[in-house]
1. How far apart, in nm, are two points set 7 Å out from the Cα along the Cα-to-Cβ line at M1 and at Q101?
2. Which distance in Å, rounded to a whole number, links the C-alpha centroids of region 90-107 and region 1-51?
3. Between E30 and Q82, what's the calculated FRET efficiency when r is the beta-carbon distance and R0 is 30 Å? Round to 0.05.
4. Can you list which of the GluC sites (Glu not before Pro) found in region 1-78 are DSSP loop residues with at most 16 other C-beta atoms within 10 Å?
5. Assuming R0 = 22 Å, can you tell me the calculated FRET efficiency for the pair W72 and L46, based on Cβ-Cβ distance, to the nearest 0.05?
6. Restricting attention to region 1-44, which trypsin sites (Lys or Arg not before Pro) occupy a DSSP loop and are surrounded by at most 16 other Cβ atoms within 10 Å?
7. Apply the Debye scattering formula to the chain, with a single equal point scatterer on each alpha-carbon and no solvent, then give log10 I(q)/I(0) at q = 0.10, 0.21 Å⁻¹.
8. Counting Lys +1, Arg +1, Asp -1, Glu -1, what net charge surrounds L16 among other residues with beta carbon under 12 Å of its beta carbon?
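None of the figures in this text is laboratory data; all of them are computed from the coordinates on show. Everything numeric in this text was worked out from a predicted model, so none of it was measured. All Cβ positions, even for glycine, are placed from backbone atoms using ideal geometry, and neighbour counts span all protein chains on display.
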Amino acid sequence: MIGLCMGLAGAIWAELPVPAFTLAWRHSIEKIRWEEDYRVAAEGLLLGEARVKGSGAGMEIPADAELHEGSWHYRRQLPPLQPLRLGRTPEAGDYQLCFDQRCHPMSDWLGPPQASQPALELWSCELGSPLSPVDKGQGDG
């Protein structure tokens with residue numbers, strides 16, 4: 001079964017059996033919420049719709065975005081992301097993963113963001129791989 005893996009440089013810290021998810025965060029300076037919808041596929045993470053509540057420093061809203069219910073909605077054409085690399089530091093706050101109508105901070109699986117580990121990667125993977133650190137009790141970050 002294909003699912004979502006979280007870790008760095010191919011080392012799996014956590015696995016989630018989800019076919020799709022929303023990645024959400026607040027801009028570190030403007031404090032405006034961003035959301036991106038992804039589908040998990042064998043070839044990578046497929047970006048669908050994205051939403052942002054407003055604009056600000058370094059936050060340009062695409063020209064084709066449409067305003068619905070207080071958020072700008074748009075789509076970017078990107079190839080499958082494998083991996084999707086994220087910066088994750090205490091100063092910026094944590095990302096949220098949303099699925100099954102609930103949002104969860106990444107710290108639920110990885111512990112809080114740490115300055116000593118400022119990056120994270122997300123990628124599609126075959127769940128339950130025999131080499132997975134999660135299966136060996138080492139996936140707690």
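1. Here the modelled spin labels are 2.1 nm apart.
2. 10
3. Computed FRET efficiency for E30 and Q82: 0.55.
4. E30, E43, E60, E69
5. On the way: r = 21 Å, r/R0 = 0.94.
It comes out at approximately 0.60.
6. Within region 1-44, the qualifying trypsin sites (Lys or Arg not before Pro) (loop, at most 16 other Cβ atoms within 10 Å) are K31.
7. Result of the Debye calculation: -0.35, -1.41.
8. Spelling it out: positives minus negatives among the neighbours equals -3.
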